[in-house]
1. Using 0.36 nm per residue, how much length does the chain from Asn106 to Trp149 gain when fully extended, once their Cα-Cα distance is taken away?
2. Let me spell out the model: positive unit charges on the Cβ of Lys and Arg, negative unit charges on the Cβ of Asp and Glu, origin at the Cα centre of segment 88-184. What dipole size does that give, in debye rounded to 20?
3. Just to be sure I understand the model, the point goes 7 Å from the Cα along the line to the Cβ. What's the resulting Gln14 to Thr38 distance in nm?
4. Which is the longest stretch in the chain that no exposed loop site breaks, taking sites as trypsin sites (Lys or Arg not before Pro) with a DSSP loop state and at most 11 other Cβ atoms within 10 Å?
5. With a Cα-only, solvent-free Debye model of segment 144-199, what are the log10 I(q)/I(0) values at q = 0.22, 0.26 Å⁻¹?
6. Among the lysines, select those whose C-alpha is under 16 Å from the C-alpha of Lys41, and discard any that sit fewer than 8 residues away in the same chain.
7. Under the √(5λ) rule applied to the eigenvalues of the Cα gyration tensor, what semi-axes describe the equivalent ellipsoid of the chain? Give them in Å, descending.
8. Defining a contact as two alpha carbons under 8 Å apart and six or more residues distant in sequence, what relative contact order in percent does the chain show?
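Nothing in this text is a laboratory measurement; each read-out follows from the coordinates by a stated rule. Note that the structure is predicted; figures quoted are calculated from it, not measured. Positions of Cβ are backbone-derived with ideal geometry, glycine not excepted, and every protein chain shown enters the neighbour counts.
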Amino acid sequence: MTARPSFAEIKSYQEFAKYYWYRNELVQICKQLGIASTGMKIELQRNIEAYFNGAAIPGKKAQKRVKSTITNLSPDTKLLECGFTFGPRFRDFFAEQTGIKNFKFNADMVATVKKVKADEDKSFTLNDLLDIYLGKKTYAKYDNSALQWNRFVKDFCADPQTAKYRNKLKIAATLWSEVRNSTRAKIYTPDLLKEFSEKIVE
């Protein structure tokens, strides 16, 4: 099994992509390279891929937040003009639009809002965001690879062989560290229990 090298030792994006990187690690790598260091994991990985391909994406200067003067929201309200947040005001608006009393924003809505703001898309409306919620449109998809650790733990706990362990999270983390620092698939398999049995300590 190949241990994950430091980023400085990696010579290509293909080699980089073999390993698992946490978002905070990607942010630090982007900052060290002097490229854009904000966004979700998938965006940061694309920035690093562009860097390896010789098309470095420069970081954006922070923009001053303009306070919205819009008091009445409507489906035609532009997202960038209304000072959109994921707070109660907009949750209430979407609850009214959908008829869902306890409305909750979904992951694709969060990804979309981030992209709309990053792209400075002035044409995007609250109705467009509603269409994202309803599945009528696609603008940006949530990066499910960020959930690999959660899936790993879930599968670990579902394995009948792990029922004997008292501190499951600690053991799952031990196995995960072996998997994340290698080029193997970032998934749990029962074979890991046998392969790393010497490292499993309760």
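1. Working: separation 43, 0.36 × 43 = 15.48 nm, distance 1.98 nm.
The span from Asn106 to Trp149 would gain 13.5 nm if fully extended.
2. Numbers: 19 positive and 12 negative charges, 102 e Å.
Roughly 480 debye, rounded to the nearest 20.
3. 3.5 nm
4. Here the longest segment lacking exposed loop sites spans 12-59.
5. Evaluating at q = 0.22, 0.26 Å⁻¹ gives log10 I(q)/I(0) of -0.82, -1.15.
6. Lys18, Lys31, Lys114, Lys115, Lys141, Lys186
7. Numbers: eigenvalues 297, 126, 31 Å².
Largest first, the chain gives 39, 25, 12 Å.
8. Working: 193 pairs, mean separation 43.4, N = 202.
Rounded, it is 21 percent for the chain.
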